[in-house]
1. To the nearest 10 degrees, how steeply does helix 221-232 sit against the main Cα axis of the chain, on a 0 to 90 scale?
2. Express in % the proportion of alpha carbon pairs of the range 1-159 at distances exceeding 25 Å.
3. Rounded to a whole number, what is D in µm²/s for the chain from Stokes-Einstein with the Kirkwood radius over alpha-carbon pairs (37 °C, 0.692 mPa s)?
4. Relative contact order for the chain using alpha-carbon pairs under 8 Å, separation at least 6, rounded to a whole percent?
5. Among the trypsin sites (Lys or Arg not before Pro) within the range 137-215, which fall in a DSSP loop and have no more than 16 other Cβ atoms within 10 Å of their own Cβ?
6. Based on the alpha carbons, how large is the Rg to Rh ratio for the range 110-149 when Rh follows Kirkwood?
7. With everything on Cα atoms, drop me the angle between helix 51-63 and the longest principal axis of the chain, reported from 0 to 90° to the nearest 10.
8. Treat the count of other C-beta atoms within 10 Å as a stand-in for reagent exposure and order R266, R277, R226 from fewest to most.
Amino acid sequence: MPPVFRFAPSPNGYLHLGHALSALLNAAAARAAGGRLLLRIEDIDLARCRPGFEAAIYEDLAWLGIGWEQPVRRQSEHFDDYRAALARLEAMGLVYPSFESRAGIAALVEERERQGPWPRDPDGAPLYPGTARDIAPDERSRRIAAGESYALRLDMAKAVRRAGALAWDEAGRGTVAADPSAWGDVILARKDTPASYHLAVTVDDALGVTDVVRGEDLFPSTSVHRLLQSLLGLPAPRYRHHRLILGSDGRKLSKSTAATALRQLRAEGLTPADIRRMVGLD
């Protein structure tokens with residue numbers, strides 16, 4: 001079977017040079033391997049995603065000369081898939097609701113840091129500091145029935161014990177040991193959102209994707225994805241995490257940076273060949 005690659009942007013802003021690098025690398029890898037390239041629209045966050053941004057994704061990719069297979073998978077059309085995966089994890093006793101607000105969590109972290117530094121995940125966010133995993137089942141049900149907001153979290157310690165040691169195949173690095181515990185009790189869904197990025201991407205990549213080529217910023221997240229793949233009995237693709245395109249401040253590009261948006265660069269008269277040179281693919 002030919003290898004299957006995917007490019008998976010979120011329509012919550014315009015594509016920038018960093019997206020161009022990832023899309024071009026995926027297209028080149030698929031072409032070189034005689035494989036397929038899929039396009040996935042990661043629009044789980046309905047509050048931030050916009051049809052206009054999605055239309056711009058198609059326009060920008062076509063302008064770059066990148067083709068993809070139809071149909072495009074739009075995550076917002078597959079909520080039931082994510083609910084089913086979440087239900088399987090719940091049946092294993094690995095999911096619990098936490099009811100603290102973001103402000104409440106920040107207050108808990110501040111309290112704990114009075115005794116010393118509180119651990120943070122690879123993205124720099126504090127690990128979940130609450131004790132919701134110890135709430136009695138009847139109390140959880142009562143609070144949910146009362147309409148309280150909640151996040152559904154993975155009981156990381158229990159999940160890691162169940163899965164055991166994990167690793168993944170990383171192009172250019174060989175076997176990489178996974179460390180999902182570094183993320184703490186990650187959120188898998190919220191009251192009004194059927195899946196987090198971690199859960200949705202794991203379910204979607206199991207639908208035939210053999211090679212995941214994405215930015216180095218997502219390298220640490222692979223540990224969580226390998227854990228979910230193991231728990232759900234899903235295949236693990238090969239991974240390649242590529243360099244990032246950084247802004248003048250040394251940070252990775254943001255969709256809010258209009259100067260690097262592909263549509264802005266195109267409006268200024270740049271060509272696809274210019275974009276390739278700008279991202280170091282000349």
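1. 60
2. 53
3. Using the Kirkwood radius from Cα pairs, D works out to 161 µm²/s.
4. It comes to 24 percent, rounded to a whole number.
5. Within the range 137-215, the qualifying trypsin sites (Lys or Arg not before Pro) (loop, at most 16 other Cβ atoms within 10 Å) are R173, K191.
6. Details: Rg = 14.2 Å, Rh = 12.4 Å.
For the range 110-149, the value is 1.14.
7. Computed tilt is about 40 degrees.
8. Details: R266 17, R277 12, R226 23.
Listed from fewest to most nearby Cβ atoms, that is R277, R266, R226.
Where a number appears in this text, it was derived from the coordinates with a stated rule and is not lab data. All values reported here derive from a predicted model rather than from experimental measurement. All Cβ positions, glycine included, derive from the backbone under ideal geometry; neighbour counts span all protein chains shown.
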